[in-house]
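What follows is a set of notes on a single structure, which appears directly below.
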Amino acid sequence: MLRWMKRISLWGVAAAVVAGIGYGLLPKPVAADLEHVTRGTLRVTVSEDGKTRIKDRYLVSSPLSGQLLRVELKPGDSVTAMKTVVAQLQPDLPNNLDARTLAQAEAKLKMSELTLQKASLAEQTAQKAMLNSQNHLSRIQRLKNSKAATDEELENAELDDSRRREEYNASKLAVDIARFEMEWARLAMWQVKPPAGKDDSAQSNPDAKQNYEIFAPISGKVLRKLKESATPITAGTNIVEVGDPQRLEMEIDVLSSDAVQIPPQAKVIVNAWGGPEPLHGIVRVVEPAAFTKISALGVEEQRVYVIVDLIDPPEQRSTLGDGYRVEAEIILWESDSVLKVPTSALFRKGSQWSVFKVVEGRAQQQSVEIGHRNGLEAEILKGLNEHETVIVHPSDRIADGVQVSVRTEAK
């Protein structure tokens, strides 16, 4: 009996050893990173660096030849249209009173007056369009509150109102510029036909000179001072450059292959401009001509300028100035309800996109059809369902039917 008990015990030990060896030879689960198939927002963008620039810059030049007095304004000083004196000039006395020169000066003055009238009419039209867009936006907002209008209709109304306000501001600026050009032409007229009374004094005293004041054409700030000290100048010499820092736009250069994908009125998100919150803009124009640029790697690239209007109120970007660097994301496509997976889960199997999804702890190869994608996520059109689990960054140890274990839980 004891002998049999010893034999059974030996058999048990042997069986345990064999079972342990067999278990050790079994393939171990492959550790893998897993993510869930989710539904949410997917955005396809073109991200490039750009810079800001003032929309309307104006070079103030001398309408007459003469002696420029010292310019006291400094860059950053505020100026008011047709009120702030940016420079004073002692013009040369007229010395060419022939009929042809007089007729040209009179024609320029008449043309400037007509330009001012045209700009004033355009301002009135733009003001009516702005008021109409404001009324339309108010109606859409009321309809949206009563759920009778969609988010897209409200967004389009807001964009149209923003565009109309910009057009109205531009028309007011055009009036200021036309008024300044009319004054410029009137001063030029003095060179060939002095005002009544001044010609007699000039003839009686050839050395007599009167200072003429040159006013700022628009309200804004001095950007650059091109002349500072008193010096003789000729007609057309640039003296200062002025502009309105609140009227900013962005100049972004993108690859020509990306430029052809940018839709009209595309939304733009501005990051890394220095403020606490991103800014927003709308593509105004994709310029039709490209240019060659050498990349940091020494590769020739064909790039295109994309001009973007900022739509945030100026007080939200008051510290942003002319020529400042920005990082912009131009939205090519966007949707709020997209079935998506990380692009790191995708791999090519022949001509077909595939993923490894996890079914009962084992990898299962699944062919999928994808739509839009960016650098991080891809839209799934066919092949997967929401909440299914896929393997991201699958290694060469992952194959169809291989048991997998979780290395990092999906978040």
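The values are calculated or read from the model by the stated rules, or taken from the named source; none is laboratory data. Since the structure is predicted, the reported quantities are computational estimates derived from the model, not experimental observations. Neighbour counts are summed over all protein chains in view; Cβ atoms, including those assigned to glycine, are modelled from backbone coordinates with ideal geometry.
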Answer residue from region 355-375, given it is more than 20 Å from VAL406 (Cα to Cα) and not hydrophobic (A, V, I, L, M, F, W, C) and is surrounded by the fewest Cβ atoms within 10 Å (Cβ to Cβ) among those: GLY375
Give just the number: which of (1) under 29 Å from SER256 (Cβ atoms); (2) part of a strand (DSSP E or B) does LYS357 not satisfy? (1)
Among residues belonging to region 376-408 that are closer than 30 Å to ASP336 by Cβ and among the small types (Gly, Ala, Ser), point out the one that is surrounded by the most Cβ atoms within 10 Å (Cβ to Cβ). ALA378
Taking interchain pairs and intrachain pairs at least six residues apart, which have beta carbon atoms under 8 angstrom, with the first residue in region 354-376 and not assigned by TED's automatic domain parsing to the domain that holds GLY401 and the second surrounded by fewer than 16 Cβ atoms within 10 Å (Cβ to Cβ)? none
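Within region 393-411, track down each residue that is closer than 9 Å to PHE356 by Cβ, among the aliphatic types (A, V, I, L, M) and either modelled with pLDDT of 90 or more or touching a strand residue (DSSP E or B) at 6+ places or on another chain (Cβ under 6 Å) (or both). Give the steps one after another, and end with the answer.
Residues of region 393-411 that are closer than 9 Å to PHE356 by Cβ, as a first pass: 394, 398-400, 402, 404.
Keeping just the survivors that are among the aliphatic types (A, V, I, L, M) gives 398-399, 402, 404.
Listed by number, the residues that qualify are ILE398, VAL402, VAL404.
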Can you spot a residue in region 193-200 that is modelled with pLDDT under 85, buried (at least 19 other Cβ atoms within 10 Å of the Cβ) and either outside any helix (DSSP H, G or I) or polar (S, T, N, Q) (or both)? yes
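Could you grab me the full set of residues in region 163-185 that are among the small types (Gly, Ala, Ser) and surrounded by fewer than 19 Cβ atoms within 10 Å (Cβ to Cβ)? Write out each step before concluding.
Taking region 163-185 and keeping what is among the small types (Gly, Ala, Ser), we get 170-171, 174, 178, 185.
Matches in region 163-185: ALA170 only.
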Quick one: is SER219 at pLDDT 80 or above, of a type in the set (Ser, Thr, Tyr) and either closer than 30 Å to THR319 by Cβ or touching an Asp or Glu at 6+ places or on another chain (Cβ under 7 Å) (or both)? yes
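Just to be sure, is ILE282 surrounded by 17 or more Cβ atoms within 10 Å (Cβ to Cβ) and touching a residue at least 24 places away in the same chain (Cβ under 8 Å)? Walk me through it before giving the result.
Working: surrounded by 17 or more Cβ atoms within 10 Å (Cβ to Cβ): yes; touching a residue at least 24 places away in the same chain (Cβ under 8 Å): yes.
Spelling it out, ILE282 is indeed surrounded by 17 or more Cβ atoms within 10 Å (Cβ to Cβ) and touching a residue at least 24 places away in the same chain (Cβ under 8 Å).
Kindly indicate whether GLU334 is assigned by TED's automatic domain parsing to the domain that holds THR41, under 15 Å from the mean Cα position of the chain (by Cα) and farther than 30 Å from VAL404 by Cβ.
No.
Please go through region 286-317 and give me each residue that is of a type outside the set (A, V, I, L, M, F, W, C) and over 15 Å from VAL270 (Cα atoms), ordered by number. Don't jump to the end; show me each part of the working.
At the first step, the residues of region 286-317 found to be of a type outside the set (A, V, I, L, M, F, W, C) are 287-288, 292-293, 295, 298, 300-303, 305, 309, 312-317.
Within region 286-317, GLU287, PRO288, THR292, LYS293, SER295, GLY298, GLU300, GLU301, GLN302, ARG303, TYR305, GLU315 qualify.
Can you tell me how many residues in region 213-252 are aliphatic (A, V, I, L, M), closer than 26 Å to ASP92 by Cβ, surrounded by 18 or more Cβ atoms within 10 Å (Cβ to Cβ) and under 33 Å from the mean Cα position of the chain (by Cα)?
Step one: filter region 213-252 for residues aliphatic (A, V, I, L, M), giving 214, 216, 218, 222-223, 226, 230, 233, 235, 239-240, 242, 248, 250, 252.
After this cut, where a residue has to be closer than 26 Å to ASP92 by Cβ as well, the list is 214, 216, 226, 230, 233, 235, 239-240, 242.
Those still in the list that are surrounded by 18 or more Cβ atoms within 10 Å (Cβ to Cβ) too: 214, 216, 233, 239-240, 242.
Checking the rest, the ones that are also under 33 Å from the mean Cα position of the chain (by Cα) come to 216, 239-240, 242.
The qualifying residues number 4.
Looking at GLU287, is it under 18 Å from the mean Cα position of the chain (by Cα), acidic (Asp, Glu), surrounded by 10 or more Cβ atoms within 10 Å (Cβ to Cβ) and more than 13 Å from THR45 (Cα to Cα)? Show your work before the answer.
Working: under 18 Å from the mean Cα position of the chain (by Cα): yes; acidic (Asp, Glu): yes; surrounded by 10 or more Cβ atoms within 10 Å (Cβ to Cβ): yes; more than 13 Å from THR45 (Cα to Cα): yes.
Yes: the conditions hold for GLU287.
Give, as residue ranges, the strands (runs of 3 or more DSSP E) completely inside region 252-323 that count at least 1 residues that are acidic (Asp, Glu). Let's see the steps before the verdict.
Values: elements: 267-271, 279-286, 291-294, 300-310.
In region 252-323, 300-310 are the strands (runs of 3 or more DSSP E) which contain 1 or more residues that are acidic (Asp, Glu).
Answer yes or no as to whether LEU346 is closer than 30 Å to VAL260 by Cα, among the hydrophobic types (A, V, I, L, M, F, W, C) and surrounded by fewer than 18 Cβ atoms within 10 Å (Cβ to Cβ). Spell out the reasoning first.
Details: closer than 30 Å to VAL260 by Cα: yes; among the hydrophobic types (A, V, I, L, M, F, W, C): yes; surrounded by fewer than 18 Cβ atoms within 10 Å (Cβ to Cβ): no.
Spelling it out, it is not the case that LEU346 is closer than 30 Å to VAL260 by Cα, among the hydrophobic types (A, V, I, L, M, F, W, C) and surrounded by fewer than 18 Cβ atoms within 10 Å (Cβ to Cβ).
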Conditions (1) at pLDDT below 90; (2) part of a strand (DSSP E or B); (3) of a type in the set (Gly, Ala, Ser); number of the one not met by SER47: (1)
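Limited to region 243-269, what total is found for residues that are of a type in the set (A, V, I, L, M), over 25 Å from ARG224 (Cβ atoms) and touching a residue at least 24 places away in the same chain (Cβ under 8 Å)?
Within region 243-269, the first condition is being of a type in the set (A, V, I, L, M), and the residues that meet it are 248, 250, 252, 254-255, 259-260, 262, 266, 268-269.
After this cut, where a residue has to be over 25 Å from ARG224 (Cβ atoms) as well, the list is 254-255, 259-260, 262, 266, 268-269.
So of that shortlist, the ones also touching a residue at least 24 places away in the same chain (Cβ under 8 Å) come out as 254-255, 259, 262, 266, 268-269.
Adding up the residues that qualify gives 7.
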Could you tell me whether region 54-65 includes any residue that is over 20 Å from GLY236 (Cβ atoms) and modelled with pLDDT of 90 or more? yes
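Counting just the residues of region 66-76 that are surrounded by fewer than 16 Cβ atoms within 10 Å (Cβ to Cβ) and in contact (Cβ under 8 Å) with a residue 24 or more places away in the chain, which one comes out farthest from the chain's Cα centre (by Cα)? Give the derivation first.
Of all residues in region 66-76, those surrounded by fewer than 16 Cβ atoms within 10 Å (Cβ to Cβ) come to 67, 69-70, 72, 74-76.
Now restrict to residues that are in contact (Cβ under 8 Å) with a residue 24 or more places away in the chain: 67, 69-70, 74-76.
Numbers: GLN67: 43, LEU69: 41, ARG70: 39, LYS74: 30, PRO75: 26, GLY76: 24 Å.
If we take residues in region 66-76 being surrounded by fewer than 16 Cβ atoms within 10 Å (Cβ to Cβ) and in contact (Cβ under 8 Å) with a residue 24 or more places away in the chain, then GLN67 is farthest from the chain's Cα centre (by Cα).
Suppose the filter is more than 11 Å from MET250 (Cβ to Cβ), more than 16 Å from the chain's Cα centre (by Cα), surrounded by 15 or more Cβ atoms within 10 Å (Cβ to Cβ) and not aliphatic (A, V, I, L, M); does GLU301 pass it?
Working: more than 11 Å from MET250 (Cβ to Cβ): yes; more than 16 Å from the chain's Cα centre (by Cα): yes; surrounded by 15 or more Cβ atoms within 10 Å (Cβ to Cβ): yes; not aliphatic (A, V, I, L, M): yes.
The answer is yes for GLU301.
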Would you say VAL85 is buried (at least 18 other Cβ atoms within 10 Å of the Cβ) and at pLDDT 90 or above? no
Which of (1) at pLDDT below 90; (2) closer than 29 Å to PRO342 by Cβ does GLY40 not meet, given it meets every other one? (1)
